[in-house]
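S.K.: What follows is a structure written as structure tokens; I'll ask about it next.
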Amino acid sequence: MSGAYYWRRLGYALITLFVIMTLNFIIFRIMPGDPVSLVLSPEFTPEVRQMLREMYGLDQPLWTQYLLYMKNTLAFDFGRSFVTRQPVLRELLARLPNTLMLLGTAFVLNVVVGVVLGIKMATRQGSRLETGVTGVSLFLNAMPSFFVGLLLLLTFGYYWPIFPIRGTMSVPPPTEFWPIIFDRIHHMILPVTAVSLSGYGSWYLYTRNNVIGALGQDYVLTARAKGLTQREVLYRHAFRSVLPPIVTLVFLSLPGLITGAVITESIFSLYGVGRYLVDATLQQDYPVVQGCFFVIALAVLACNLLADLVYGLVDPRIRLR
Amino acid sequence: MNNPQTSTTGASQAVSVTPAASAVAVKAKPRRRGALREIWAEYRRSPQGMLGLFIFMVFLFLGLAAPWLTPYDPLQDQFLAERMARPGWMSYFPAYRNAPVTVDRFLLRNWEVTTADNVEITWGERQDEPVMLVRTTGPGPARLVLESTFDYHSSSPDTFFIQIPYAFVGEGGATGQMVFRFVTADGRSYDMWTSRTFRNEVRWTTQRVDSRDMQLKMRLGFRPLANLAADLINAQGEYRLILELTANAGETGTALFTLGESRFRIPGQLHGLLGADHLGADLWSQFVYGTRTSLMIGFVVALIAVVVGTLVGIVSGYVGRWVDELLMRIVDVLISIPFLPILIVFVAVLGKSIWNLIILIALFSWMSVARLVRSQTLTLRERAFVEAARAAGASSGYIMRTHILPNVLGLVFASLVLQVPGAIVSEATLSFLGFGDPRVPTWGRMLQNAKSFGAFGELAWWWILPPGLALTILAMAFVFMGNTIDDILNRRNREE
């Protein structure tokens, strides 16, 4: 019974993946001009060109190309960058850790700050503190994430030059272990803050609203009547019932988070996948664009699937529907 | 809209019903017109909603009135001020009290005529721009002196520029000459430009005078490396600009000067309302024209998204079965495609034009509306009046049009308002990353320029803050309005 839910979710995810891959193929073929020139930089030597031509089957009909493209993409083989002439996968793998670190840290911060603040403020609804926190959160939530980054850069990068304004590490980088770690963290603080500031708001508002709703329910009154402490009422009863909708927020917040990575990495010139996508697009480095887009889409899909599965675990009603 | 007159023939009835189906439905239920008034009455009581509406009105005014709020073209007019000039009102701060402020005089109708001998002034048009026509009225010498004054209270500037567009036609041996004279506050007088003597005809040209011109400096008796602007404008007080036109019509001829809008310009370190960018372009005009673009993009995108979303939602919800399943799967797939990356890729492939941006953003933002409308339609489908219509033999299309649509319109309107800020911010983000239309001034582009051309190194907050804060405030205003409408509709639905 419950297995069907998971299988269906997995099925949808695979269909979406297929659609994204097809889109990724079509986009670069509807472009005006010769599709061969999209994959083959004119600067390649004839031998390399011939090798790539055979590899992508560019001398073959579109249908064969499509199948070949699917095969290559599933093997994470996106070809070679026009600019660096390195395999795209190698370039991506070199950048992936930075992006994951940025997003992972920011995500954890978002959830912790947003949810904890949301619960705390729900109990003080109407107080001056709560009004202030909610107002600031609304404001930060409405602020475009790139502007949050720009403001941080202006304030803490230029006006008070406390933090580095660009890059993931100093040039030249330190050589010992601890200095390396500190140097990395020093470079990460502003970007992580930028992503968190523009992302925690939705978590905060969502949690706050849901907890406020739950606190008005009869079972909370019952719990209070039993003589439970405020803490127990809050975390054992009210918060537990709002857990499922909060889990869905993982799903809702991911696109924003990914967008935040693309923007923040561009603003702070981080060596990550998001900035790679923007730079490659501006340089018309199409194999890289395709590769970056696929990796990002895959990540979003995987997280969505995960959120769906966890949702099934948290809220049994969903599984049995 | 028009009065629901009694129909005379079947044909005219069919014509009048089809295009105004919803209007007729509104007419049919008198309750609904009261509903709008009630909603407005309730909306007016919400401070949040009214604040949002007020902010929106302010921006709407800025956007609509842009051409009247600034004399400059946001993209073409450059070197109006020094590089990254600060806003003009900063002269109220002690640190900038004496910084040179931009003086930019447009001189045509505001020339003051001090001497007019034997000439007649009329007005005409040349390429849609007004021009002054100066014609001799009789034989012999003629003279016209035009004058304009400006007050200068700052420290000496580095440069100034003069431009005088003109043409001359002399018939019957008439000749003419023009002189541009600059009189300083302490009474020194300099001929900045003396034309040759015109005979016959001089085609439309624009004479430009640059204070850095070495020949000019030497002619006026300064050293070639002297700072002419600082030497001329070295005291506070009233300066006079004089344009003198002299002609000699001879025995029987006539002379005709055509004078366009002359300009006298001192690029200052303080400029306008919002200062200047790295090329000395006016940031205020970029800002107001950006307001215009942002609102336009926001509304067009929201409109497309809402129309598509409503259509899909109603069909999906009412028809059900495999249509519903298919449409909702499409929605699921589109929603889980990362928004910004796909837009970047698409814009890169299709080209950076404003309409590409609009259509692409709309293409990826209708799904939430479709979901909302679908769930509303699902509940409406079970209501008695829909069942009654079905029992009476109404077709699905008719029911969707006349029964479902009017009842989801409130929801649709709320989502329209809520879609606008997302669209505005998406466009700004794309422009900021360098994927905007280079021919259109937008807030995102201002910020991109600020980032690329050193506004941060110079701490040029007057360049960075206005577009970013405007984006934030406008987005908040729309969220306030949308939430207020949403709340009111929810309350009404619960009461029903």
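The values are calculated or read from the model by the stated rules, or taken from the named source; none is laboratory data. This is a predicted model, so every value here is computed, not measured. Note that we place each Cβ from the backbone using ideal geometry, even for glycine, and neighbour counts take in every protein chain shown. Remember, those area values only see protein heavy atoms, side chains included, never the ligands or the DNA or RNA. Shrake-Rupley method; radii C 1.70, N 1.55, O 1.52, S 1.80 Å.
S.K.: Roughly how crowded by other chains is peptide B:343-351, in terms of the mean Cβ count from those chains within 10 Å of each of its Cβ atoms? Walk me through the numbers before you get to the answer.
M.R.: Values: counts 1, 10, 12, 2, 1, 12, 12, 4, 2.
For peptide B:343-351, the averaged partner shielding equals 6.
S.K.: Continuing with the same structure: What are the radius of gyration and Dmax of chain A, computed over its Cα atoms and given in Å?
M.R.: Here Rg and the maximum Cα pair distance are 23.9, 82 Å.
S.K.: Related question: How far is the Cα center of segment B:388-463 from the Cα center of segment A:143-167, in Å?
M.R.: Measuring centre to centre over Cα atoms gives 27 Å.
S.K.: Further, regarding this structure: Given an 8 Å cut-off on Cα distances and at least 6 residues of separation, report the relative contact order of chain B as a percent.
M.R.: Contact order relative to length: 21 percent.
S.K.: Along the charge dipole of segment A:89-314, Cβ charges K/R +1 and D/E -1, which of A:G256, A:I212, A:N98 sits furthest on the positive end?
M.R.: Checked the options; the winner is A:I212.
S.K.: While we're looking at this one, here's another question. State the answer as a single residue: which of B:A249, B:M218, B:I121 lies farthest towards the positive end of the charge dipole of segment B:103-266, with beta carbon charges of +1 for Lys and Arg and -1 for Asp and Glu, about the Cα centre.
M.R.: B:M218
S.K.: Next question, about the same structure. In terms of Cα to Cα distance under 18 Å, which aspartates and glutamates are near enough to A:K71, apart from those fewer than 8 places away along the same chain?
M.R.: Counting by Cα, and skipping residues close in sequence, A:K71 has these aspartates and glutamates nearby: A:E54, A:D59.
S.K.: Are there trypsin sites (Lys or Arg not before Pro) in segment B:98-205 that DSSP puts in a loop and that have at most 14 other Cβ atoms within 10 Å, and which ones?
M.R.: Counting only loop positions with at most 14 other Cβ atoms within 10 Å, the trypsin sites (Lys or Arg not before Pro) in segment B:98-205 are B:R109, B:R188, B:R196.
S.K.: Along the charge dipole of the protein assembly as shown, which of A:V247, B:V202, B:F413 sits closest to the positive end, that is, farthest toward it, with unit charges on the beta carbon of Lys, Arg, Asp and Glu (+1, +1, -1, -1)?
M.R.: Projecting each Cα onto the dipole axis, the largest value belongs to A:V247.
S.K.: Evaluate the Debye formula for chain B with equal point scatterers sitting on the alpha carbons, no solvent, and hand back log10 of I(q)/I(0) at q = 0.10, 0.12, 0.13 Å⁻¹, in q order, two decimals.
M.R.: Log10 of I(q)/I(0), two decimals: -0.90, -1.08, -1.19.
S.K.: Need the C-alpha centroid separation for segment B:200-273 versus segment A:205-240, integer Å.
M.R.: 79
S.K.: Dipole size in debye (nearest 20) for chain B around its Cα centre, Lys and Arg Cβ +1, Asp and Glu Cβ -1?
M.R.: Working: 45 positive and 40 negative charges, 329 e Å.
That gives a dipole near 1580 debye.
S.K.: Restricting to Cα pairs below 8 Å that are 6+ residues apart, what does the relative contact order work out to for segment B:370-496? Please round to a whole percent. Show your work: numbers first, answer last.
M.R.: Values: 85 pairs, mean separation 31.7, N = 127.
Relative contact order comes out at 25 percent.
S.K.: If you count, for every residue in A:5-14, the Cβ atoms of partner chains within 10 Å of its Cβ, what is the mean?
M.R.: 1
S.K.: Still on this structure: Order the peptides B:325-334, A:175-184, A:267-276 from the highest to the lowest mean number of other Cβ atoms within 10 Å of their residues.
M.R.: Going from most to least packed, we get A:267-276, B:325-334, A:175-184.
S.K.: Quick one: pull the percent of accessible area on chain A belonging to carbon and sulfur, 1.4 Å probe, ligands and nucleic acids left out.
M.R.: For chain A, the apolar C and S fraction of the accessible surface comes to 67 percent.
S.K.: If contacts are Cα pairs under 8 angstrom and at least 6 residues apart, what is the relative contact order of segment A:89-314 in percent? Show your work: numbers first, answer last.
M.R.: Working: 249 pairs, mean separation 65.8, N = 226.
Across segment A:89-314, relative contact order equals 29 percent.
S.K.: Calculate the mean, over all residues of peptide A:134-146, of how many other protein chain Cβ atoms lie within 10 angstrom of the residue's Cβ. Mind showing how you got there, number by number?
M.R.: Numbers: counts 0, 0, 0, 0, 4, 4, 1, 4, 12, 8, 15, 3, 12.
For this peptide, the per-residue mean of nearby foreign Cβ atoms is 5.
S.K.: Principal axes first, then extents: for the Cα atoms of the protein assembly as shown, list largest minus smallest coordinate on each axis, whole Å, largest first.
M.R.: The Cα atoms of the protein assembly as shown stretch 109, 89, 70 Å along their principal axes.
S.K.: Round to the nearest 10 and give me the degree value, 0 to 90, for the angle of helix A:88-123's Cα axis relative to the longest principal axis of chain A.
M.R.: The angle comes out near 10 degrees.
S.K.: Still on this structure: Whole angstrom only: what separates the Cα centroid of segment B:36-100 from the Cα centroid of segment B:285-330?
M.R.: Computed from Cα coordinates, the inter-centre distance equals 29 Å.
S.K.: Right, here's the next one. Which peptide among B:384-396, A:295-307, B:365-377 comes first, and what is the full order, when sorted by highest mean count of other Cβ atoms within 10 Å?
M.R.: In decreasing order of mean packing, B:384-396, A:295-307, B:365-377 become B:365-377, A:295-307, B:384-396.
S.K.: Accessible area lost on pairing B with A, both sides, 1.4 Å probe, Å² to nearest 100?
M.R.: 3600
S.K.: Just how large is the dipole of the protein assembly as shown about the Cα centre, in debye to the nearest 20, putting +1 at every Lys and Arg Cβ and -1 at every Asp and Glu Cβ?
M.R.: 2920
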